[in-house]
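A short write-up of the structure that comes next.
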Amino acid sequence: MVGELPNSRAEDVVSSAEREEDAALARRAGSGEAGAFGVLYDRYVDAVYRYVFYRVRNEAEAEDVTSDVFMRALRAIPKYEPRQAFLAWLYRIARNAVIDRSRRQAARQQVSFEDALAHPNADQVVNPDAGLLAGSDASVVRVAMQQLTPLQQEVLILRYVEGYDTKTISKLVGKRDGTIRGIEFRALSALRALIPSREAL
Amino acid sequence: MSDMLPRPKPRDAFKRSLRAQLMAQAPSVLAPHETTWTRLAGTFLRPALRPAMVAAVIALLIFASAGRAAADSLPGDAAFGLKVAAEQLQLSLALDDTTRLHLLADQADHRLAELVTAISTRPSAAPTATDAYAAAVQRFTDALAALQGKPGTSADKQTAADDVVDAAHLRHEAVLDELEKTAPESAQQGLERAREEADKLHASGRPARTPEPNDTAEPTHAARTPTPTRAVEPSRGSLPTGTPGNVEERSLPPASDHH
């Protein structure tokens, strides 16, 4: 089930050159240089938005939470410690922002692949490996996704939307590589069980 | 239905607007803030207080050797009581609730650092260290609840208090994540328990604060103007130095600055 994804970017968040550049920008931003923060924003706003979008489902909420994430990041950047990749640090903030938001919502809205497919600006796609969604009704997939744990959703998003390999995801979410593979396996197994019509999963 | 997953992109107008807001707020947000320590330093370095300060420094020097032994101690050690006493003294001297909360955040950091040391170097001390960590987290969240339940506490103060605990949660989560990668299998159970305690620092695991007017309903998307509130600070670094009871354990992020 797990294979190379077309847009696999395993080294994106771990390449030392980029990481050093991010760290330098973060240091400058933390020292009060707004422009440096702007560069980091330009570099990562799309990734944060995608991550948030799949966790909150609709575009308006995704924009709201993305705004919140970068405002939090702006406040926190003087204390950013480059031991952690900048994008991983942003994902951590995003994860907490999503959790805080869902806690405050009376009716929680969840990930919807159906909405994602209908997104007006969706211009790039990745192949979710063994045709995870192929042949399944979108509404069924949506219901199934809602029943996954937040961490399972997160791993699937990073794997099948961002195209990271499990080693990179392990760095992003701070778990062991084997743990990530287990989470991915359980998430896909859960989807399999939750989508009875999908024989090929 | 397609078997392809899209990678949605944010609207250009949204990106431009958010960038402009961030750039507008950056100068004030990124300006150096006064910390509790600078505030305390300002207070104690006033001319009238200098003799008392000199006396305090001499007393500190006298007890330095004993303090060092205490600083290196772990929960369960004989010298650990001295460390706790020093921390209690700090707490009793706290000028206000916010300072107290920051001190409790520092103490929770220290307990976590001790737990890391115990798991890494002295596994037999790990259960006691975990108990001490749990107690520190409890005191920390209790102080937050007390502050937020106090009549007359402003929304800003409540939010700032939430920020302190949020930042601590992120720091502790990061430390435990790192430790999980290196800790031996035998330590995993203790680590899980520590993680459960750390999770109590997360917003979902602690008492809800008094709702602010804005909390009663989510702002509409069109009307939403992001504000830099409830910032989280997943910082990493070394323990604060120069404080009674400071320990040179493994690297642990400092508590957030005291605003």
What's the number of the condition A:Arg92 fails, among (1) modelled with pLDDT under 95; (2) more than 16 Å from A:Lys171 (Cα to Cα)?
(2)
Suppose we filter A:Val48, A:Val65, A:Val39 for residues that are in a helix (DSSP H, G or I), modelled with pLDDT of 85 or more and within 16 Å of B:Arg7 (Cβ to Cβ); which single one remains?
A:Val48
Could you check A:Val161 against (1) modelled with pLDDT of 80 or more; (2) under 28 Å from A:Pro82 (Cβ atoms) and say which number it fails?
(1)
If you go through region B:163-174 one residue at a time, do you hit one that is of a type in the set (D, E, K, R) and either over 12 Å from the mean Cα position of the chain (by Cα) or under 25 Å from A:Arg176 (Cβ atoms) (or both)?
yes
Under 7 Å between Cβ atoms, at least 6 apart or on separate chains: pull out the pairs that start in region A:178-201 with a residue that is within 20 Å of A:Asp165 (Cα to Cα) and among the hydroxyl-bearing types (Ser, Thr, Tyr) and end on any residue that is modelled with pLDDT of 90 or more and assigned to a helix (DSSP H, G or I).
none
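Part of a loop (DSSP other than H, G, I, E, B) and either modelled with pLDDT under 50 or of a type in the set (Phe, Trp, Tyr) (or both): does that describe B:Pro151?
no
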With respect to B:Thr128, determine if the residue is touching a residue at least 12 places away in the same chain (Cβ under 8 Å), over 21 Å from A:Ala76 (Cβ atoms) and of a type in the set (Ser, Thr, Tyr).
yes
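The rows are residues; the columns are (1) buried (at least 24 other Cβ atoms within 10 Å of the Cβ); (2) within 20 Å of A:Glu18 (Cα to Cα).
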{"position": "A:Asp42", "(1), (2)": "no, yes"}
{"position": "A:Val45", "(1), (2)": "no, yes"}
{"position": "A:Asn58", "(1), (2)": "no, no"}
{"position": "A:Asp64", "(1), (2)": "no, no"}
{"position": "A:Phe70", "(1), (2)": "yes, yes"}
{"position": "A:Ala73", "(1), (2)": "yes, yes"}
{"position": "A:Ile77", "(1), (2)": "yes, yes"}
{"position": "A:Glu81", "(1), (2)": "no, yes"}
{"position": "A:Ala85", "(1), (2)": "no, yes"}
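The values are calculated or read from the model by the stated rules, or taken from the named source; none is laboratory data. Keep in mind that what you see is a predicted model, and the values were worked out from it rather than measured. With ideal geometry, Cβ positions are generated from the backbone for all residues, glycine too; neighbour counts draw on all protein chains shown.
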